[in-house]
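These notes are about the structure you will find just below.
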Amino acid sequence: MDKRLDHISKKCTKIFIDADGVLLASNDAMCTLLNEIYKKNHKGKEVTDWNYTNLYPTNSIEVEKLFESEEFFRVVKFTHGAKRFLTRYRDKIVIVTKGTITNFIRKRYWFNKNGFRDIPIIAIPLDMSKNIINMHGGLFIDDCTVNLRESNATYKFMFSEYNDNVKRDWCKDWRGNKIYKW
């Protein structure tokens, strides 16, 4: 585990964590589904834009339908080490995630099924900012620069699922703390 993250996690009473791309290997799951649809063989680490258009002829409606599908929740897995981190700090963690209503319901069920029924999830509509959550005094871990900048969390870490320097739409221009593993 990253020593800086572990040290700060012990100090905080609340740890706010994004789900997709942070706790969940969502790009890998989406590529699995999109590869089946488009007969391709791409990996999650190749994705550079929100709607996967750098790899597939998709659009935002198709992508959101896949994110809320039963198939997505059948193939999605935890990012490496996330389950251990959730278990270790479960009494402090609040998952803060964006999505559609169907996505929220399926995400809650997925976390319940995987042993984390006790961890609260705050669901934010896609068109709202996560800054509506008061995170002052807490730690916030997200993969999106905008979410981190808008948050009032005392400590902020960008989680980069892939340990590389690829410029992705959601994480460009972050100059703060960054972690690549739990």
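Residue pairs whose Cβ atoms lie under 9 Å apart, sitting 6 or more positions apart in sequence or on different chains, and linking a residue in segment 149-168 that is free of Cβ contacts under 8 Å to residues at least 12 places away in the same chain to a partner that is among the aromatic types (Phe, Trp, Tyr), are 149/174. When the residues of segment 123-175 are filtered to those that are part of a loop (DSSP other than H, G, I, E, B) and aliphatic (A, V, I, L, M), the one that is farthest from residue 92 (Cα to Cα) is 166. Sub-6 Å Cβ pairs linking a first residue in segment 85-108 that is assigned by TED's automatic domain parsing to the domain that holds residue 148 to a second residue that is surrounded by fewer than 15 Cβ atoms within 10 Å (Cβ to Cβ), at least 6 apart or interchain, are 94/120; 96/122; 98/126, ordered by first then second residue.
State whether one or more residues within segment 113-121 are small (Gly, Ala, Ser), surrounded by 13 or more Cβ atoms within 10 Å (Cβ to Cβ) and either in the same structural domain as residue 91 (by TED's automatic domain parsing) or closer than 22 Å to residue 69 by Cβ (or both). No, segment 113-121 contains no residue that is small (Gly, Ala, Ser), surrounded by 13 or more Cβ atoms within 10 Å (Cβ to Cβ) and either in the same structural domain as residue 91 (by TED's automatic domain parsing) or closer than 22 Å to residue 69 by Cβ (or both). What residue, among those in segment 22-49 that are aliphatic (A, V, I, L, M) and not in a loop (DSSP other than H, G, I, E, B), is farthest from residue 140 (Cα to Cα)? That would be 37. Residues that are assigned by TED's automatic domain parsing to the domain that holds residue 156, farther than 20 Å from residue 135 by Cβ and under 15 Å from the mean Cα position of the chain (by Cα): does segment 54-67 have at least one? No: zero hits.
The values are calculated or read from the model by the stated rules, or taken from the named source; none is laboratory data. Everything numeric here is computed off the predicted structure, so don't read it as measured data. Ideal geometry is used to build each Cβ from the backbone, glycine not excepted, and the neighbour counts take in all protein chains shown.
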